[in-house]
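Peer 1: Following this message is one structure expressed as structure tokens.
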Amino acid sequence: MTSRSAPSAPWIYAGLLAAQTAAALTLFWIVFPIFHGLVNHLGERQMLALSDQVGIVASAALLHCFYWIRLK
């Protein structure tokens, strides 16, 4: 049986963890104002800008990529 190998250097792991944290913070930075507006205007139709949609998808994709690379 072979075990999973960790990144060759600790700074790679730390860098990936920092990048994952930055992606999570970016996602929170984009989504929190949207959620706040939704809660303050219940029952009203909410429009989501294309730039917000792209930012959410990109941040989530980067977050998952950094996570799985770091886990490997």
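Peer 1: So which residues in region 23-59 are more than 13 Å from ARG70 (Cβ to Cβ) and among the small types (Gly, Ala, Ser), if there are any at all?
Peer 2: GLY37, GLY43, ALA49, SER51, GLY55, ALA58, SER59
Peer 1: What do you reckon, is VAL39 of a type outside the set (S, T, N, Q), at pLDDT below 95 and assigned to a helix (DSSP H, G or I)?
Peer 2: It is true that VAL39 is of a type outside the set (S, T, N, Q), at pLDDT below 95 and assigned to a helix (DSSP H, G or I).
Peer 1: Considering region 42-60 alone, what residues qualify as being assigned to a loop (DSSP other than H, G, I, E, B) and on the phi < 0 side of the Ramachandran plot?
Peer 2: LEU42, GLU44, ARG45, GLN46, MET47, LEU48, ALA49
Peer 1: ALA9 - would you say it is at pLDDT below 90 and open to solvent by less than 50 Å² (accessible area, probe 1.4 Å)?
Peer 2: yes
The values are calculated or read from the model by the stated rules, or taken from the named source; none is laboratory data. All figures in this text were calculated on a predicted structure; none of them were measured in a lab. We place every Cβ from the backbone using ideal geometry, glycine too, and count neighbours over all the protein chains shown. To get the accessible areas, we keep the full protein, side chains included, count just its heavy atoms, and leave off ligands, DNA and RNA. Shrake-Rupley method; radii C 1.70, N 1.55, O 1.52, S 1.80 Å.
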